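Working notes, structure below.
Every number here is computed from the coordinates shown, using simple stated rules; none is lab data. No experiment lies behind these values; they were computed from the predicted model shown. All Cβ positions, even for glycine, are placed from backbone atoms using ideal geometry, and neighbour counts span all protein chains on display.
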Amino acid sequence: MAVLVRRAREDDAPNIAGFAMKLVDQHRDYDPVRFARIATLDGMQWFYGSQTEARDAAVLVAELDERIVGFAYVSYEKKNYAELTVSAAKLHDIYVDEGARHSGAGKALIGASVEVARELGASKLILSVAEKNSAAKRFFERNGFHVTMHEMMLRID
């Protein structure tokens, strides 16, 4: 039972949107002040469906036994003054369904994200991870990522 990672098609968007909403809920549980629940299932379906043909981004899906069990979303910017980056791809989202965790799907999505980043012209792949998501932090570190920034927030209302 090998994991297959491929570029998503527009008709994969409903599955991806369901996973994306789980990510939204997960982040809201971590910190409802920082993470707003502005996303809807329809909005997520439209967004990820629209990104399947983007020239500067890729949506990937992981399949296990011909069933989508996770996804990743990567975008590329040649230069970003606000982030002080050049030739950088960003791994905005990665999610593996709970029942498929420890199957190799996450590692396969990371590997495919690196390949897509290279294809897009990137020399580095950057991601952010919620402070309270210790399992994800360990996973990313095991897969070669290292800490370069810490986001901080001050509530001002």
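Ordered by the number of other Cβ atoms lying within 10 Å of each residue's own Cβ, fewest first, LEU109, LEU23 fall into the sequence LEU23, LEU109. In this label model, GLU83 and ARG138 are separated by 2.8 nm, measuring between points 7 Å along each Cα→Cβ vector. Between VAL116, VAL59, VAL33, the GNM of the chain built on Cα springs shorter than 10 angstrom shows VAL33 fluctuating the most. Close amide H partners of THR52, meaning residues 5 or more places away or on another chain with modelled amide H under 5 Å apart, do not exist here. Inter-label distance, ARG28 to GLU119: 3.4 nm, where each label sits 7 Å from its Cα along the C-beta direction.
With a Cα cut-off of under 29 Å and a minimum spacing of 8 residues unless on different chains, the lysine pairs in segment 17-157 number 22. Quick one: among TYR81, TYR48, TYR73, which has the greatest mean-square fluctuation in a GNM of the chain with alpha-carbon springs under 10 angstrom? It is TYR81.
Rounded to whole numbers, the Karplus 3J(HN,Hα) couplings from phi for segment 117-131 are 4, 4, 4, 6, x, 7, 10, 7, 10, 10, 9, 10, 9, 4, 3 Hz, using 6.51 cos²θ - 1.76 cosθ + 1.60 with θ = phi - 60°, and x at Gly and Pro.
Listed values for segment 20-28 are Karplus-derived 3J(HN,Hα) couplings in whole Hz (6.51 cos²θ - 1.76 cosθ + 1.60, θ = phi - 60°), namely 4, 5, 5, 4, 4, 4, 4, 5, 4, and x replaces Gly and Pro. Evaluated with a Cβ-only charge set (Lys, Arg +1; Asp, Glu -1), segment 3-142 carries a dipole of roughly 540 debye about its Cα centre, given to the nearest 20. The order of VAL129, VAL69, going from fewest to most other C-beta atoms within 10 Å of their C-beta, is VAL129, VAL69. Can you tell me how the chain classifies by the Cα gyration tensor, rounded, prolate or oblate, using a/c under 1.5 as the rounded cut? It is rounded, given that a/c, with a ≥ b ≥ c, falls under 1.5.
Note on the chain: antiparallel DSSP beta bridges, both residues inside, total approximately 85 percent of the bridges counted.
How do ARG118, ARG155 line up, fewest other C-beta atoms within 10 Å first? Don't skip to the answer; put the middle values down first.
Values: ARG118 12, ARG155 6.
Going from sparsest to densest Cβ surroundings: ARG155, ARG118.
Since only SER123, ALA105, ALA89 are under comparison, the one whose Cα sits farthest along the positive direction of the charge dipole of segment 87-126, derived from C-beta charges on Lys, Arg, Asp and Glu, is SER123.
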